[in-house]
1. Multiply the residue gap between ARG110 and HIS160 by 0.36 nm, knock off their C-alpha separation, and tell me the result in nm, one decimal place.
2. Quick one: Debye curve from the alpha-carbon atoms of segment 69-218 only, equal weights, vacuum; give me log10 I(q)/I(0) at q = 0.13 Å⁻¹ to two decimals.
3. Where Lys and Arg each count +1 and Asp and Glu each count -1, what net charge lies around LEU163 among other residues with Cβ under 9 Å from its Cβ?
4. Compute the distance in nm between two label points, each set 7 Å from the Cα along the Cα-to-Cβ direction, one at ARG137 and one at GLN90.
5. Using a cut-off of 12 Å between beta-carbons, work out the net charge of the residues near THR115 (Lys and Arg +1, Asp and Glu -1, THR115 not included).
6. Between ASP144 and ALA210, how many nm apart are label points set 7 Å from Cα along the C-beta direction?
7. Taking 30 Å as R0, compute the FRET efficiency from the Cβ-Cβ separation of VAL122 and ILE75 and round it to 0.05.
8. Report the label-to-label distance for SER203 and ARG82 in nanometres (one decimal), using points 7 Å from each Cα along the Cα→Cβ vector.
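The numbers here are math on the coordinates, done by the rules we state, and not lab data. Just so it is clear, the model here is predicted, and its values are computed rather than measured. Cβ coordinates were reconstructed from backbone atoms using ideal geometry, including for glycine residues, and neighbour counts include every protein chain displayed.
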Amino acid sequence: MNPLDTIATTLVTVGGINWGLVGLADKDLVAGIFGRKTAASRVVYSLVGAAAAYSVARFALRVKQMDPVNVQESIEVDVPLRTAYDQWTQFEEFPRFMSGVERVQQLDDRRLHWTAQIGRVVRQWNAEITEQRPDERVAWRSTDGTHNSGVVTFHRLDDHRTLVTVQMSFQPRGTIEAIGDAMGAVRSRVRGDLQRFKSFIESRGAETGAWRGTVARPDERQTA
């Protein structure tokens, strides 16, 4: 932490304690030390206010420059490999087990349009399937809006059990998402989505549909 951050944090902490006491006990420590409405007390209040503004600006800058959040979560599902994979190809069914996802429209074999609520904000973006191999993997990336990309892989454990692994990269946008990441909200959501997927497919025992086509990686498409 640089010296300015240290000073700002100290002043904001002092100000927070002071106004907490004002609210809870009607005791203003600054006024008690320097007197009410004196030049000295005004200077202290001004410094606290400036420190708060500085801290908010610094936080906003860190949010803007924030590195992508990388998440990896796995879960075992008690269905055959083909069943688990086939269900995941039914993208328009995602709102049935993905928290916050309101709608997924499959525009064609490779393009999807997403509508989701993140915090209290509704976000929409387009995504493309960058690779899809039956019973192995589905990879994607956003093409506009909220930046995210990742891959879901499927691994046979035995005839009736499958390991599903999600690897995802997500770029927080704005203060709410940055705070959410700091609190582990993205990881918690992915973990919860996998648990709901497990409950959904195991309760059915069969997929709602399937697409067994292949999408080649971009480098493979360029050399084809």
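1. Value of the extension gain: 15.1 nm.
2. The Debye formula, applied to the Cα set alone, gives -0.56.
3. Once all neighbours under 9 Å are counted, the net charge is +1.
4. With each label point 7 Å from Cα toward Cβ, the separation is 2.5 nm.
5. Charge balance near THR115 sits at 0.
6. Placing both labels 7 Å along Cα→Cβ, they lie 3.5 nm apart.
7. For R0 = 30 Å, the calculated efficiency reads 0.60.
8. With each label point 7 Å from Cα toward Cβ, the separation is 2.6 nm.
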